[in-house]
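I have placed the structure first, in the form of structure tokens, so that the comments after it can refer back to it.
No value in this document is a laboratory result; all are computed from the given coordinates. These numbers come from a predicted model, not from an experiment. Please note: Cβ atoms are built from the backbone with ideal geometry, for glycine as well, and neighbour counts cover all protein chains shown.
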Amino acid sequence: MQKKRLAILGSTGSIGTQTLEVVRKHPEAFEVEVLTAQSSVKKLIEQAIEFKPNVVVIGNEKYYREVADQLEPYHIKVYAGSEAICQVTEMETIDLVVVALVGFAGLKPTLKAIEAGKPIAIANKETFVVAGEIVTNLAREKAVNIYPVDSEHSAIFQCLAGEFHNPIELIYLTASGGPFRGKDKTFLSTVTKEQALKHPNWSMGCKVTIDSASMMNKGLEVIEAKWLFGLKPEQIKVVIHPESIIHSLVQFEDGSMKAQMGLPDMRLPIQYALTYPNRFRSDLPRFNFADYTKLTFEEPDLETFRSLTLAYEALRIGGNMPCILNAANEIVVHSFLKDRIRFTEIPDIIEKMMQKISFIPNPTYDDYVNTDIETRRLTQELAG
Ligand code: MG
């Protein structure tokens, strides 16, 4: 078997490290060609020494010397800067680009990789939220496959195996409800970042954990699903499923529903994105019915968790509105983590930005970039 050569963008984050865990278990199948990180120098160097990529990129240029010096004995090429992250995706020797970057930063390298005809395994939902239309159009034009890593979208993708010619009636994205499920607004106005960072089922990075607590994560996933599976907003439902065993469902036109299940562990959807259409053996813990005598479901509380409502609204409006939603959210999440705003101000400020920033119905790539910059600047002023 020919080894699949991977470029892992964002290798030191939660998804990046778990991707490398999958690679470590299957040295016969994968080879690491490129690793990139923004500023986690120590971790990047450790990873490079273990996985011996050809090229390493450190996003923050001030760390270039340190990384280059330490990797010199290993004959690993080192580059720096965000432009270099984009350029390495075009390398001849890459078979699959894993986009494990967080936020708007994922967009440009993803477009570059698609432009170069590289298949993509994508964990970066913000890329679809910001510019889903541009990304999917370019992928179609270049006949590039995009494999979802997000667990819900991987679930839908797995349910669709063998069904791609059958129209989807609806999909249900499941949501755990996060740490504040069942709480009211008064409670939410007092929560601390420590409480918000304690997710009941999933172990994830900071940004997505706060997004899960506010339910913005599900909102972003609704928009991501629209573009990945070509659906209308009304075909995408959210259902709260606190046990996180069913990772999402597809309902077909005959009324039949397919669900994908398993213990919540990101290594599974990551591995499927790397091995599709095959399934490799894994030694992850298996589901045991005795541990879950019932699985429960409830409607999301759209009054309390307004971020989800705002995401649906942005999706329906279209244009650059999801881009505004995303940029404002990235800033307010950061401000909340710095104790500068209350948890309940997260949707309040996002909503203000959605009203304030100029709406563009048919944005170009540059419009998205400008919308992102402008929204960040104004949100910063409010949430500083
Ligand atoms: Mg998810």
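Below are the figures for this structure:
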quantity: Gain on full stretching of the segment that runs from L197 to A143 - 0.36 nm per residue minus C-alpha separation; calculated: 15.5 nm
quantity: Distance between modelled label sites at H165 and D348, nm, 7 Å Cα→Cβ extension; calculated: 5.5
quantity: Cα Rg, Dmax (largest Cα-Cα span) when computed across the chain, Å; calculated: 20.3, 61
quantity: For segment 4-148, Kirkwood radius (reciprocal of mean inverse C-alpha pair distance, Å); calculated: 14.9
quantity: S39-E90 FRET efficiency (beta carbon distance; Förster radius 22 Å; 0.05 resolution); calculated: 0.40
quantity: Partner lysines for K4 [C-alpha distance under 16 Å; skip if fewer than 8 residues away on the same chain]; calculated: K25, K52, K118
quantity: Segment L302-N362, extension gain: residue separation times 0.36 nm, minus the distance between their alpha carbons; calculated: 18.7 nm
quantity: Virtual spin-label span in nm between S256 and K185, 7 Å along Cα→Cβ; calculated: 4.5
quantity: Local net charge near E234, Cβ-Cβ under 12 Å (Lys/Arg +1, Asp/Glu -1); calculated: +3
quantity: Peptide ranges 341-348, 182-189 listed from the most packed, as the mean C-beta count within 10 angstrom indicates; calculated: 341-348, 182-189
quantity: Rel. contact order, % - alpha carbon contacts under 8 angstrom, at least six apart, the chain; calculated: 14
quantity: Segment 185-230: equivalent-ellipsoid semi-axes (sqrt of 5 x gyration tensor eigenvalues, Cα, Å); calculated: 24, 13, 7
quantity: Helix-only [θ]222 nm of the chain, DSSP H runs n ≥ 4, -39500 (n - 2.57) each, per residue, nearest 500; calculated: -13500 deg cm²/dmol
quantity: Separation of the D291 and Q355 label points, Cα + 7 Å toward Cβ, nm; calculated: 4.7
quantity: Computed FRET value (nearest 0.05) for K232 with R340, which takes r as the C-beta separation and R₀ as 41 Å; calculated: 0.65
quantity: Counted charge near H153, where neighbours are those whose Cβ lies closer than 13 Å (Asp, Glu -1; Lys, Arg +1); calculated: -1
